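Beneath this line is the structure, given in structure tokens, with notes to follow.
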Amino acid sequence: MSVIVTDKGFAPEDWTEGFEAEGVLDLPSDTDPQAVDFDAATRLIRVAFPSSADGRGFTIARQLRLRGYTGRLRAAGHVIADQYAMARRAGFDEVEIDESLAARQPESQWIFRADWRAHDYQSRLRAG
């Protein structure tokens, strides 16, 4: 079973409820974001993270947002709490992790990083 991480903490998996199969895209980490065919009917795009050391998903998310995708965008797999702010800044709305990762990195570690807008490098430069 999966755990969904949002800015408010852990939430249950819900992407299979209320979504039509044709409105969901699952993308592997080696996807060319320019080749992704999405439209107004695409309600959710899940980008796979096979390893926390594989950052290609961040690029995919950013490129999808730059191309105009405004639907739900989810990082799925081996994303760790330390990467949550980066995932949000790249354009992901949420992160999907498995229960074993949620047990090793409890909700408090994710919530600690939920104020991702206030703690980025550029914000610190502007404030200084």
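Quick notes on this one:
- For the chain, the solvent-accessible area works out to 57 Å² per residue, with a probe of 1.4 Å and every protein chain left in place.
- When the stretch 41-116 is described by a simple charge dipole with +1 on each Lys and Arg Cβ and -1 on each Asp and Glu Cβ, the residue from Gly77, Leu64, Ile111 located farthest towards its positive end is Leu64.
- Each peptide among 81-90, 1-10 gets the average number of other Cβ atoms lying within 10 Å of its residues, and from highest to lowest they stand as 81-90, 1-10.
- For the chain, calculated [θ]222 nm from helices alone, where every DSSP H run of n ≥ 4 adds -39500 (n - 2.57): -7500 deg cm²/dmol
- Taking 7 Å steps out from each Cα toward its Cβ at Arg65 and Ser52 produces label points 2.2 nm apart.
- Between Asp98 and Thr6, residue separation times 0.36 nm minus the direct Cα-Cα distance comes to 31.7 nm.
- By average C-beta atoms within 10 angstrom, highest first, the peptides 28-36, 55-63: 55-63, 28-36
- Couplings for the stretch 58-65, taken from phi via the Karplus curve 6.51 cos²θ - 1.76 cosθ + 1.60 with θ = phi - 60°, read 5, 5, 4, 4, 4, 5, 4, 5 Hz in order; Gly and Pro are left as x.
The values are calculated or read from the model by the stated rules, or taken from the named source; none is laboratory data. Bear in mind the structure is a predicted one, so any value in this text is a computation, not a measurement. Cβ coordinates were reconstructed from backbone atoms using ideal geometry, including for glycine residues, and neighbour counts include every protein chain displayed. All accessible areas refer to the heavy atoms of the entire protein, side chains included, with ligands and DNA or RNA removed. Shrake-Rupley method; radii C 1.70, N 1.55, O 1.52, S 1.80 Å.
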